[in-house]
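What follows is a short report on a single structure.
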Amino acid sequence: PLPRKMVERRRPSTIAIGGVLLAAGLSRRMGDVNKLLAEIEGEPLVRRAARAMLDGGIMDLVVVTGHQHDDVVAALDGLAVSVVHNADFATGQAGSVAAGIAALPATVSGALIALGDMPFIVPELVAEMIRDHSGLGDHEARISFPVYAGRRGNPVLWGRGFFDALGQLDGDMGGRQVLRENPAAVNSISWHDDSIHHDIDTPRDLADAGA
């Protein structure tokens, strides 16, 4: 439970939430296959993830590329996204997080950071996270997670107050370090299935997902 000072009146309207989709990885466990370009139901994973974010209400979506940049951009053709290339993608996820955050417009009050290899995230989850987080009176100082069966999952919605810290990360930690340092800021959002835990790392994962 949150401390009393963190329990605020919920606001009736939403706020401006940007999005960062991490799509720069090397897919090391997939062999020669870039998992983000693998198709499920005829659609590349990275495009499925981007479309779920857009359809869920993200207005400013930044896709951070790295490995096979041109192919990933081609897979996003026709979607209303901005693309940022992280030339140092091989050093870990943190640089991609920082690049994505830096590319968001100054008007956003938070950022939903998602992974390009999670093909079962749906627009309804994105919309629910925006709605719930927007209702927090101190939303710029909060971190919202979806939770299923007692486990936190992805994507994660970061209030603007954490942008500087996210921009200073390095290595492969992503936002986990910032989260560990701010446990009282967490806002848990209940979700109804394990899609928030389901990523694609191996050829077996891809086959099980119906590719």
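The values are calculated or read from the model by the stated rules, or taken from the named source; none is laboratory data. If you're wondering where the values come from, they're calculated on a predicted model, not measured in any experiment. Positions of Cβ are backbone-derived with ideal geometry, glycine not excepted, and every protein chain shown enters the neighbour counts. Surface accessibility is based on the protein's heavy atoms, side chains included, excluding ligands, DNA and RNA. Shrake-Rupley method; radii C 1.70, N 1.55, O 1.52, S 1.80 Å.
Hey, Val64 hits all of (1) among the β-branched types (Val, Ile, Thr); (2) open to solvent by less than 10 Å² (accessible area, probe 1.4 Å); (3) at pLDDT below 95 but one; which does it fall short on?
(3)
Tell me whether segment 169-188 contains one or more residues that are among the acidic types (Asp, Glu) and either open to solvent by less than 60 Å² (accessible area, probe 1.4 Å) or in contact with an Asp or Glu (Cβ under 6 Å, 6 or more places away or on another chain) (or both).
no
Please go through segment 138-168 and give me each residue that is of a type in the set (Lys, Arg) and closer than 12 Å to Val186 by Cβ, ordered by number.
Residues satisfying the conditions are Arg142, Arg152.
Is there any pair linking a residue in segment 83-98 that is more than 14 Å from Gln168 (Cβ to Cβ) and at pLDDT below 95 to one that is among the aromatic types (Phe, Trp, Tyr) and part of a helix (DSSP H, G or I), with Cβ under 6 Å and at least six apart or on different chains, and which?
Listed by first residue and then by second, the contacts come to nothing, as the list is empty.
Take the residues in segment 31-49 that are under 16 Å from Asp201 (Cβ atoms) and without any contact (Cβ under 8 Å) to a residue 60 or more places away in the chain, then tell me which one is surrounded by the fewest Cβ atoms within 10 Å (Cβ to Cβ).
Here the residue is Asp32.
If only one of Ile130, Ile113, Ile121 is of a type in the set (A, V, I, L, M), open to solvent by 20 Å² or more (accessible area, probe 1.4 Å) and within 18 Å of Arg51 (Cα to Cα), which one is it?
Ile121
Just one of Val46, Val63 is on the phi < 0 side of the Ramachandran plot and part of a strand (DSSP E or B); which is it?
Val63
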